[in-house]
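For reference, the structure is listed below as structure tokens.
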Amino acid sequence: MKLADLTGHEEIIRALRRAVEQNRASHAYLFAGPEGVGKTTTALAFGAALLCRNPEQGDACGRCRDCRQVAARNHPDLHRLVPEGASIKIGQVREVLRLITLSPFQGQRQVFVVEQSDLMTQEAANCLLKTLEEPPAGTVLILISDRPHALLPTIISRCQVLTFQPLLPEQVSVILKRVTDAPDEEVELLSRLSGGCPGRAVRLAGTEGGYFGLRQRMLELAAGLNRASLAEALQRAAAVAGDKEDALTCLELFLLWYRDLLVCKETGTPELLFNRDLFPLIDREARIYSRGQLLRVIKEIEKTRDSLLANVNTRLAMEMLFMRLAGAG
Amino acid sequence: MKFNASKPALMHAINAVQKAVSPRSPLPVLTGILFEVTGNRLYLTGSDTELTIQCNIEVETETEGAIVLPIRYISDLVRSLPDIPIQFNSIPGSTSVIITYGTSQVSIHGYEPEQYPRLPSINRGTGIQVPQDELKEMLRQVLFAVSNDETRPVFTGVLMQVDGKQFRLVATDTYRLAMKNYQLEEEIEQPVRAIIPGKTLGEVARLTGNTEEKISIILEENHAFFSTADLKIASRLIAGQYPPYEQVIPREFVTRTRVTTREIMDATERASLLARDGYPVVKFTLQENSCVVSVQTQAGWIREEISGLVEGEPLEIWFNARYMSESLRALNSDELCLELTGPLSAAVLRPAGDDSYLSLLLPAKPPKD
Ligand SMILES: [Zn+2]
């Protein structure tokens, strides 16, 4: 992927291309912004531009050996660091430090992309800090985070911070059409409810049965939950608590759902709903709750999502949520 | 790509390169071996990017070409084939190969050769020639002193330095230091120095033969290359400044002795058996005409007196037994010159009558009772 082919984030992309063109890339960047907004995609495209042997106007040429290696994840000077289990451990950061002290393999630069960098352990973060103080020439570190507040301030202060804003629904829909084969009505719906984060929309479209199938399953879990017994609530939680990604997707859809109930309760019309196509059902469900109850439910879901992102035990967090929701009626 | 090769030749080449291949590399293409046929030679390359090993063998070529084949299949597969001519055939543009042996065939999927990391070609680096057995011994004499502490990368490497006719290796973990010089036949115009990871030099030592045939060493900006007729090893370099090691080598001594290496080594090893758990230090007492190696702990005591010429003041000094044994083993000489600068400062070990090598060892603190 070239920087020029990315949708949205125009200002950031202009700045990155200028840095490549003028050979003035910083030694450390922090790409901050919501999950799924395009930080990693941009980082990899930036990496390609930095490693390309024939860059064109600050962007990768897309044809040379380096570009093709980056595309196939085979470039020896582009390193990706992702959490091992729940965190990025000191051993992983030490390995990065070792690689940084080696000369580049193929060209003049080494690029390191640290995904979910806020999940570094305290030890790992302190270890990385030392490198950020005096990185060898030719090293570009890109830290990625959707929870930058969880990073050490001393780390942030050594990075050039680029903050990614949510895209417009039209931009999300362009991306969805390019990378998925979701049907038009699903694209339209997903681009509205993805919160401007194409990564989320793509993930929802990629689930079994597409978004509509997924939504159906989630609505079955949510329907009548406020009247369910504790045993019933735990049983429903078990369906999505086995896997963190599944749980996060479920929470995402729950949030949209309860927001729709709230909006419907307040406006009584389908115009502002995410799930506009389900207006009659939403209208009916909305009457079961009071406004205060819905606000509390939404808050609970948001809290659960945040604790999952901060790596609280998934099963525990989801069971707690479902039990609280069961008591909400 | 189409060629015929014998099983032993293929196995030889696969064994040589597979040490550099990691089946769990995050780069898919590096989980394989690069096969490249040019002229009547097959070049096999394995790499973890830090260490790259290339071995070439003679084959009967029908068409030139290249492909990357996953190590987890190709290595075991070739090993299990019968010892009859083996043909490799890959259709241009495809990424699989058909291997024919007798009337049987097997096909393996691989990767595009274009995806394989390409070493910068050797162009302007400084090249020297050293007999393989010499290099192997030189490496053995310094590698023991390389540090394993990844937090201080330059110490995990060996300094390789060429100046005029002198080729020098230095390693130190800051507790000990080993330095070996070798006199080159040809003089080098530009002095060069590079820090090479100890790990990859260990492989160089393993792969070089016990032969006087020369190996050529080329130091480039980012890599060191070691090559013989059928083997090429490339190592990435460690960036950074090697510490000024020369100023820590003492020039004046208060005591010096000359003893039989074997006797000191055996005495040290026996004495260490009684040393305290967790603090394996051995006492050396230099007195008139002898060196006494001793240990006294709750377990008991041992005292061995080794006769030898002692010059200078009598001295008591403690050494870590393992460090002392390793230094003695690396000495490669029947007789040892041990030169001391004081009970708490560095000692120098030299092979008697050979000033091309020295190692330096810091003493240990005397054990508290
Ligand atoms: Zn390119």
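Which is more than 10 Å from every other protein chain (Cβ to nearest Cβ) and not polar (S, T, N, Q), of A:Arg63, A:Arg80, A:Arg73?
Unique residue meeting the criteria: A:Arg63.
Taking the condition of being crowded, with 21+ Cβ neighbours inside 10 Å, within 16 Å of the ligand (Cβ to nearest atom) and within 13 Å of B:Leu27 (Cα to Cα), how many residues in segment A:62-106 meet it?
7
Cβ-Cβ under 6 Å, sequence separation 6+ or interchain: first residue in segment A:59-74 and in the same structural domain as A:Arg17 (by TED's automatic domain parsing) and among the aliphatic types (A, V, I, L, M), partner open to solvent by 40 Å² or more (accessible area, probe 1.4 Å) and more than 8 Å from the ligand (Cβ to nearest atom). Which pairs?
From segment A:59-74, the pairs are A:Ala60/A:Lys2.
If A:Thr131 satisfies every condition in (1) within 27 Å of B:Gly198 (Cβ to Cβ); (2) assigned to a helix (DSSP H, G or I); (3) within 16 Å of the ligand (Cβ to nearest atom) but one, which is the exception?
Here A:Thr131 clears every test but (3).
Is segment A:26-33 home to any residue that is within 12 Å of the ligand (Cβ to nearest atom) and open to solvent by less than 10 Å² (accessible area, probe 1.4 Å)?
No - not one qualifying residue is present in segment A:26-33.
Taking only pairs six or more apart or across chains, which ones have beta-carbon atoms under 8 Å, a first residue in segment A:43-58 that is free of Cβ contacts under 8 Å to residues at least 12 places away in the same chain, and a second residue that is open to solvent by less than 10 Å² (accessible area, probe 1.4 Å) and within 12 Å of the ligand (Cβ to nearest atom)?
Correct list of pairs: A:Asn54/A:Cys61.
Within the bounds of segment B:227-238, is there any residue that is crowded, with 21+ Cβ neighbours inside 10 Å, within 14 Å of chain A (Cβ to nearest Cβ) and part of a loop (DSSP other than H, G, I, E, B)?
yes
Let me confirm something: among B:Ala205, B:Ala194, B:Ala178, which residue is surrounded by 22 or more Cβ atoms within 10 Å (Cβ to Cβ) and farther than 20 Å from B:Asp354 by Cα?
B:Ala194
Could you please tell me which pairs satisfy a Cβ distance under 9 Å, a separation of 6+ or placement on different chains, a first residue in segment B:286-297 that is among the acidic types (Asp, Glu), and a second residue that is part of a strand (DSSP E or B)?
If the second residue must be part of a strand (DSSP E or B), the pairs left are B:Glu288/B:Val310.
Among the residues in segment A:228-241, are any over 30 Å from A:Ala124 (Cα atoms) and under 20 Å from the mean Cα position of the chain (by Cα)?
Checked against the condition, which is being over 30 Å from A:Ala124 (Cα atoms) and under 20 Å from the mean Cα position of the chain (by Cα), segment A:228-241 yields at least one hit.
Is it the case that segment A:267-284 has a residue that's of a type in the set (Gly, Ala, Ser), buried (at least 16 other Cβ atoms within 10 Å of the Cβ) and at pLDDT below 90?
Looking through segment A:267-284, none of the residues is of a type in the set (Gly, Ala, Ser), buried (at least 16 other Cβ atoms within 10 Å of the Cβ) and at pLDDT below 90.
Which numbered condition in (1) over 19 Å from B:Arg256 (Cα atoms); (2) assigned to a helix (DSSP H, G or I); (3) aliphatic (A, V, I, L, M) is the only one that B:Val295 fails?
Condition (2) is where B:Val295 drops out.
I'm trying to understand the selection: among the residues of segment B:124-149, which are more than 22 Å from B:Leu358 (Cβ to Cβ) and more than 15 Å from the chain's Cα centre (by Cα)?
B:Arg124, B:Gly125, B:Thr126, B:Gly127, B:Gln129, B:Asp149
So if I check each of A:Leu262, A:Leu295, A:Leu281, A:Leu253, which one is part of a helix (DSSP H, G or I) and in contact with a Leu (Cβ under 6 Å, 6 or more places away or on another chain)?
One residue alone meets the criteria, A:Leu262.
Within segment B:25-44, restricting attention to residues that are under 27 Å from the mean Cα position of the chain (by Cα) and open to solvent by 50 Å² or more (accessible area, probe 1.4 Å), which residue is nearest to the other protein chains (Cβ to nearest Cβ)?
Checking each candidate, the answer is B:Pro26.
Take B:Pro85 and decide whether it is exposed (fewer than 14 other Cβ atoms within 10 Å of the Cβ), touching a residue at least 60 places away in the same chain (Cβ under 8 Å) and not assigned by TED's automatic domain parsing to the domain that holds B:Asn222.
Considered against the rule, which asks whether it is exposed (fewer than 14 other Cβ atoms within 10 Å of the Cβ), touching a residue at least 60 places away in the same chain (Cβ under 8 Å) and not assigned by TED's automatic domain parsing to the domain that holds B:Asn222, B:Pro85 comes out as yes.
Within segment A:51-60, can you find the residues that are within 12 Å of the ligand (Cβ to nearest atom), open to solvent by 60 Å² or more (accessible area, probe 1.4 Å) and away from chain B (no Cβ under 12 Å)?
Once the filter is applied, which keeps residues that are within 12 Å of the ligand (Cβ to nearest atom), open to solvent by 60 Å² or more (accessible area, probe 1.4 Å) and away from chain B (no Cβ under 12 Å), segment A:51-60 yields A:Asn54, A:Pro55, A:Glu56.
Identify the residue in segment A:107-120 that is without any contact (Cβ under 8 Å) to a residue 40 or more places away in the chain and buried (at least 23 other Cβ atoms within 10 Å of the Cβ) and, among all such residues, is farthest from the other protein chains (Cβ to nearest Cβ).
Looking at residues that are without any contact (Cβ under 8 Å) to a residue 40 or more places away in the chain and buried (at least 23 other Cβ atoms within 10 Å of the Cβ), I get A:Asp118.
Can you tell me which of A:Ala48, A:Ala19, A:Ala43 is modelled with pLDDT of 95 or more, open to solvent by less than 30 Å² (accessible area, probe 1.4 Å), away from the ligand (no atom under 16 Å from the Cβ) and closer than 30 Å to B:Pro113 by Cβ?
After applying the criteria, what remains is A:Ala43.
Could you list, in sequence order, the residues of segment B:239-258 that are outside any loop (DSSP other than H, G, I, E, B) and open to solvent by 30 Å² or more (accessible area, probe 1.4 Å)?
If the condition is that a residue be outside any loop (DSSP other than H, G, I, E, B) and open to solvent by 30 Å² or more (accessible area, probe 1.4 Å), then B:Glu246, B:Gln247, B:Val248, B:Arg256, B:Arg258 are the ones that fit.
The values are calculated or read from the model by the stated rules, or taken from the named source; none is laboratory data. Not measured: the values here are computed from a predicted model. Using ideal geometry, Cβ is built from the backbone for each residue, glycine included, and neighbour counts are taken over all protein chains shown. Just the protein is used for accessible areas: all its heavy atoms, side chains included, with ligands, DNA and RNA removed. Shrake-Rupley method; radii C 1.70, N 1.55, O 1.52, S 1.80 Å.
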